[in-house]
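Note sheet for the following structure.
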Amino acid sequence: MTLQLEEHPSADELRQIVDGVRSFNRAVVGHERPRAVASFLRDEAGQIIGGAQGDLWGSSVHIAGMWVAEDHRGKGYGSALLRAVEDYAAERGYLLAYLETTSFQARPFYEGLGYRVFGELPGIAEGCTLFCLRKDLKSPVGSRYTTSENQWQGPIV
């Protein structure tokens with residue numbers, strides 16, 4: 001047996017670690033691996049100019065990524081993208097949303113949408129704090145999605 005530190009591990013090696021953790025988790029709690037869902041904002045040419053990614057697992061959705069192109073910010077698109085993922089999750093019984101953001105990112109944005117800080121980790125980089133936020137979701141009244149295509153039926157903003 002040997003212990004090695006790899007500065008540049010392969011994707012396969014990293015996958016083995018994650019698969020090992022997920023196998024353990026499945027044996028203990030009975031849930032399969034997280035399932036990704038995403039909402040996208042596209043321009044007239046079909047190019048992605050914003051999106052929100054959520055990973056569904058257990059009874060929660062982890063907001064793993066949220067982005068809107070610089071020239072489209074401040075128009076309500078970020079809120080709509082995040083709400084789409086939250087509503088999709090809540091309609092399927094995932095009633096807790098959580099995410100991480102840093103002090104130079106979007107904490108006020110998330111707090112304005114009902115997220116609350118439950119943890120802080122200062123010093124992750126010079127002058128930078130990591131914040132963990134959570135939000136209890138409620139199943140929306142009346143579905144905004146078509147069940148066959150999972151297409152958003154509400155307004156963008």
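A short reminder: the numbers here are calculations on the coordinates, not readings from a lab. Just so it is clear, the model here is predicted, and its values are computed rather than measured. Ideal geometry is used to build each Cβ from the backbone, glycine not excepted, and the neighbour counts take in all protein chains shown.
The table below lists the values:
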item	result
Average Cα contact separation per residue, the chain, under 8 Å, 6 or more apart, as relative contact order %	16 percent
Relative exposure of ILE63, ILE17, judged by other C-beta atoms within 10 Å (fewest first)	ILE17, ILE63
Among [x] 29, 22, 18; [y] 30, 25, 17; [z] 35, 17, 13, the entry derived from the coordinates for semi-axes √(5λ) of the Cα gyration tensor in Å	[x]
5 angstrom amide H check on GLY50, placed H, neighbours 5+ away	LEU41, ALA69
Choice from GLU86, GLU120, GLU44 showing the highest fluctuation, given a GNM over the chain with Cα pairs closer than 10 Å	GLU44
Residue among SER39, SER23, SER139 with the largest mean-square fluctuation in a Gaussian network model of the chain, springs linking Cα atoms under 10 Å	SER23
Gaussian network model of the chain, springs between alpha carbon atoms under 10 Å - residue of ALA125, ALA89, ALA80 with greatest fluctuation	ALA125
Dipole in debye (nearest 20) - the chain, about Cα centre, beta carbon charges: Lys, Arg +1; Asp, Glu -1	660 debye
Packing-based exposure ordering (other Cβ within 10 Å, fewest first) of THR2, THR129	THR2, THR129
Theoretical ellipticity at 222 nm over the chain - DSSP helices of four or more residues, -39500 (n - 2.57) apiece, nearest 500	-8000 deg cm²/dmol
